[in-house]
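The values are calculated or read from the model by the stated rules, or taken from the named source; none is laboratory data. Everything quoted here is computed from the prediction, not taken from an experiment. Side chains are part of the model used for accessible areas, which takes the heavy atoms of the whole protein and leaves out ligands, DNA and RNA. Shrake-Rupley method; radii C 1.70, N 1.55, O 1.52, S 1.80 Å.
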Amino acid sequence: MLFGLIVACEVAFWVLLGAGLAVRYLLRLRRLGGLLLLAVPLVDLVLLVASVADLRGGGRAEFTHGLAAAYLGFTVAFGHDMVRWADVRFAHRYAGGPPPDRRKRYGRELARHEWRAWGKGMIGWAVACGLLLAGVVVIGDIERAVALLEWAGRLTFAMVVWLVFWPLAYTVFPKRAPVDARPPLDARESHHDRVPHSSGEQS
């Protein structure tokens, strides 16, 4: 039942997001569109209330309870970015807004981008682990809350892997731009091999 609610919340997230953008840009009803977009976080609140109510029933925590906490945590961390990503593209397509940034990143810029993304992931990890620990407190029995603690371990392992193979990797081994994407050489460099001629040179 809880897994079905998680799926329903994910569907509701995108339905409300799409409806809000359509009302804002296609129907030109910006206030109503804004209200629909503000309703997007309510989806997460419904899932949180349902999860707590299910745990209070006295049963054993299951895989889906941990999944719900992970979903909520990373939605908090990345939900705003997802809304902004969709808003920029919808505004460009239907309201003459500026085009989205599709340029590829290399070198230090890419490393900074990966560190920022990982930092947001850590916010999601912190929120999710906080919810998992809160679930342990609600249950009041470690044996019945083992599934929640296992999820905390999974998320921690995932964040370590993310750290090693993306931010750290791109910092230690920067990704170089392909030759055809590099800026042209400075005009001064093209003449650095030329021997200067003296103004007083005689023939």
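Just to verify a number: what accessible area does Phe78 come out at with the full protein assembly present, 1.4 Å probe, Å² rounded to tens?
Answer for Phe78: close to 50 Å² accessible.
Kindly report the accessible area of segment 55-122 per residue (heavy atoms of protein chains, probe 1.4 Å, no ligands, DNA or RNA), in Å². Before the final figure, lay out each step's value.
Numbers: 4180 Å² over 68 residues.
That works out to 62 Å² per residue.
Could you tell me what fraction of 2.2 N^0.38 Å the Cα radius of gyration of the chain comes to, as a two-decimal ratio? If you can, show how the numbers build up before the last one.
Details: Rg = 25.7 Å, N = 203, 2.2 N^0.38 = 16.6 Å.
With N residues counted in the chain, Rg over 2.2 N^0.38 Å equals 1.55.
When the chain is fully extended, how far beyond the present Cα-Cα distance does Glu143 get from Phe173, taking 0.36 nm per residue of separation? List each step's numbers first, then the result.
Working: separation 30, 0.36 × 30 = 10.80 nm, distance 4.41 nm.
Result for the pair: 6.4 nm of gain on full extension.
Hey, can you find the accessible area per residue of segment 1-47 for me, probe 1.4 Å, expressed in square angstrom? The partial results should precede the final answer.
On the way: 2810 Å² over 47 residues.
Heavy-atom SASA per residue in segment 1-47 reads 60 Å².
How would segment 53-102 be classified by its alpha-carbon gyration tensor: rounded, prolate or oblate, with rounded meaning a/c under 1.5 and the a/b versus b/c comparison settling the rest? Show your work: numbers first, answer last.
Values: a/c = 5.76, a/b = 4.06, b/c = 1.42.
Verdict is prolate for segment 53-102.
For the chain, with all protein chains present and a 1.4 Å probe, just round the carbon and sulfur fraction of the accessible area to a whole percent. Could you put the intermediate results ahead of the total?
Working: 8940 of 13610 Å².
Taking all protein chains in place, the chain shows 66 percent carbon and sulfur surface.
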